[in-house]
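Asker: One structure follows; several queries about it will come next.
The values are calculated or read from the model by the stated rules, or taken from the named source; none is laboratory data. Note that the structure is a prediction, hence the values are computed from the model and not measured. Using ideal geometry, Cβ is built from the backbone for each residue, glycine included, and neighbour counts are taken over all protein chains shown.
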Amino acid sequence: MLAQEMADVASQRKPLWIGDLLIDPPILQAPMAGYTNYAFRQIVREFGGTGLQATEMVNARGFVWLDEHDCEHPDRLWGVKDEARPLAVQIWDNDPETMAKVGKRLAGEYGVSVVDINFGCPVKQVTEKAHSGSYLLRDPERMYAIISRLVEVCYPTPVTAKIRLGCTRNTMNHVQIAKTVERAGASALTVHGRTAEDFFRGSADWSKIAEIKEHLQRIPLIGNGDLQTPEQVVYAFQNYHVDGVMIARAALGRPWLFSQAAAALAGKPIPPDPSLEEQKACMLRHYDLVVERFGTNKGTLLMRKFACCYAQSKHGARHFRTHVAHVESPEQFHEVVERYFPKFVDPAGTGEPIAGLDESCSCD
Ligand SMILES: Cc1cc2nc3c(=O)[nH]c(=O)nc-3n(C[C@H](O)[C@H](O)[C@H](O)COP(=O)(O)O)c2cc1C
């Protein structure tokens, strides 16, 4: 894409507001169960470039249960009370009152910037077992009840919704759902351009995301799905009528991607990737944050999957993955990183989605 085109997008772009909250730049870090914990968010925050970050999805029913049994709040709320704002916490369930109980706590006691509702998760544990997440896309009335109740109890904290295009390719109802979300009082709508049935197969359908725009009177539309480069982010703004974009998988091994996308969107030169030595240092800092919270054993196990993401698209990534997949102690982790972390970028592999990574990896 030409520098001039990028500059044009920059000059035409309108600010993104979620309620009274200015999201600048209009690039959001997606919620990802098992991944977007405090450590990841902190690393992303240090590089900059996102206007709003999100937690992993939090099970509202589980939160209420823990609370009633005087237990500690969910691990997924690690860091949330104290970390920098703006920050969105995403919750899921199908019962308006349960959701309201948790939303009220998050908006009040936790003081989060946004309460986001998950209407997109396609994982069986959430859909078939709990009739939540993307299962609710077939039931706009219930979606309305959940959103409107949350809006009421969270006020003035904005409530947002994240959806897919529908349950199946044959029953896509994205326009109807979008109107419902707006009517119920939500402050923004994020759309992942696949159906629940698609899971992560095929490509996100951005033309379907774009169809929604003319049906929204008041709230911004945030597009999501398959964005992997700063140029694709600019292209999405240029072609699909979105007010904001959200990035998930591509940022897992490249937390600096947001800052590159933000530069492109502002019409500035895109900063280069950090050097491999800097990337390695970033991964080790990520490791320290995870271990600080979860201890050396659990922290090391948890970090195996993040380490694989950092190596993605680099020469020797497979070799590194094979070794890091078995580390059990900090000594082993550091040794494997020193010996096997890739020393060359693989130009052909840049931008590939992370193989085998989908929501089923990481549901509670
Ligand atoms: C491992 C994993 C976990 C995810 N967890 C969540 C989640 O907790 N809440 C949610 O709304 N979406 C979740 N998603 C979906 C992403 O937020 C996003 O919609 C999807 O990955 C498409 O965006 P991408 O192509 O940029 O990855 C998850 C996706 C993955 C791969």
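Asker: Being more than 15 Å from the ligand (Cβ to nearest atom), modelled with pLDDT of 95 or more and outside any loop (DSSP other than H, G, I, E, B) is the filter; apply it to segment 8-38 and report the residue that is surrounded by the fewest Cβ atoms within 10 Å (Cβ to Cβ).
Answerer: Filtering segment 8-38 for residues that are more than 15 Å from the ligand (Cβ to nearest atom), modelled with pLDDT of 95 or more and outside any loop (DSSP other than H, G, I, E, B), the one surrounded by the fewest Cβ atoms within 10 Å (Cβ to Cβ) comes out as Leu22.
Asker: Take segment 157-172 and flag every residue that is assigned to a loop (DSSP other than H, G, I, E, B) and within 12 Å of Ile18 (Cβ to Cβ).
Answerer: Scanning segment 157-172 gives Thr157, Pro158.
Asker: Restricting attention to segment 79-120, which residues are hydrophobic (A, V, I, L, M, F, W, C) and touching an Asp or Glu at 6+ places or on another chain (Cβ under 6 Å)? Walk me through it before giving the result.
Answerer: Let us first name the residues in segment 79-120 that are hydrophobic (A, V, I, L, M, F, W, C), namely 80, 84, 87-89, 91-92, 99-100, 102, 106-107, 112, 114-115, 117, 119.
Of everything in segment 79-120, those that are hydrophobic (A, V, I, L, M, F, W, C) and touching an Asp or Glu at 6+ places or on another chain (Cβ under 6 Å) turn out to be Ala88, Met99.
Asker: Right, here's the next one. Go through segment 319-353 and report how many residues are at pLDDT 60 or above and either within 30 Å of Lys129 (Cβ to Cβ) or assigned to a loop (DSSP other than H, G, I, E, B) (or both).
Answerer: Of the residues in that region, 9 qualify.
Asker: Okay, moving on. What number of residues in segment 226-253 are surrounded by fewer than 24 Cβ atoms within 10 Å (Cβ to Cβ), free of Cβ contacts under 8 Å to residues at least 40 places away in the same chain and in a loop (DSSP other than H, G, I, E, B)?
Answerer: Residues that pass the stated criteria total 2.
Asker: I would also like to ask the following. Among Ala196, Ala145, which is the only one that is surrounded by 24 or more Cβ atoms within 10 Å (Cβ to Cβ) and among the small types (Gly, Ala, Ser)?
Answerer: From the options Ala196, Ala145, the qualifying one is Ala196.
Asker: Moving on. Consider Ser275 carefully, then state whether it is surrounded by fewer than 19 Cβ atoms within 10 Å (Cβ to Cβ), among the small types (Gly, Ala, Ser) and at pLDDT below 95. Please lay out each step first, then the result.
Answerer: On the way: surrounded by fewer than 19 Cβ atoms within 10 Å (Cβ to Cβ): yes; among the small types (Gly, Ala, Ser): yes; at pLDDT below 95: no.
Against the criterion (surrounded by fewer than 19 Cβ atoms within 10 Å (Cβ to Cβ), among the small types (Gly, Ala, Ser) and at pLDDT below 95), Ser275 does not qualify.
Asker: Which condition breaks for Asp288 when tested against (1) farther than 20 Å from Asp75 by Cβ; (2) without any contact (Cβ under 8 Å) to a residue 12 or more places away in the chain?
Answerer: With (1) farther than 20 Å from Asp75 by Cβ; (2) without any contact (Cβ under 8 Å) to a residue 12 or more places away in the chain applied to Asp288, the lone miss is (1).
Asker: Scan (1) closer than 25 Å to Tyr155 by Cα; (2) within 16 Å of the ligand (Cβ to nearest atom) for the single condition Val64 breaks and write down its number.
Answerer: (2)
Asker: So which residues in segment 229-276 are within 15 Å of the ligand (Cβ to nearest atom) and of a type in the set (S, T, N, Q)?
Answerer: Once the filter is applied, which keeps residues that are within 15 Å of the ligand (Cβ to nearest atom) and of a type in the set (S, T, N, Q), segment 229-276 yields Thr229, Gln232, Gln260.
Asker: Please specify each residue of segment 102-135 satisfying the condition of being of a type in the set (Gly, Ala, Ser) and within 14 Å of the ligand (Cβ to nearest atom). Break it down into steps so the answer makes sense when it comes.
Answerer: We begin by selecting, within segment 102-135, every residue of a type in the set (Gly, Ala, Ser); these are 103, 107-108, 111, 113, 120, 130, 132-134.
Gly120, Ala130, Ser132, Gly133, Ser134, listed by residue number.
Asker: Of all residues in segment 235-270, how many are over 23 Å from Met32 (Cβ atoms) and touching a helix residue (DSSP H, G or I) at 6+ places or on another chain (Cβ under 6 Å)?
Answerer: 5
Asker: Within segment 108-129, is there a residue that is of a type in the set (A, V, I, L, M, F, W, C) and either outside the structural domain of Ile147 (by TED's automatic domain parsing) or over 29 Å from Pro25 (Cβ atoms) (or both)?
Answerer: Within segment 108-129, one or more residues are of a type in the set (A, V, I, L, M, F, W, C) and either outside the structural domain of Ile147 (by TED's automatic domain parsing) or over 29 Å from Pro25 (Cβ atoms) (or both).
Asker: For segment 262-284, which residues satisfy the criterion of being under 25 Å from Lys343 (Cα atoms) and small (Gly, Ala, Ser)?
Answerer: Residues satisfying the conditions are Ser275, Ala281.
Asker: Provide a single number: the residues in segment 202-220 that are without any contact (Cβ under 8 Å) to a residue 40 or more places away in the chain and away from the ligand (no atom under 12 Å from the Cβ).
Answerer: Adding up the residues that qualify gives 10.
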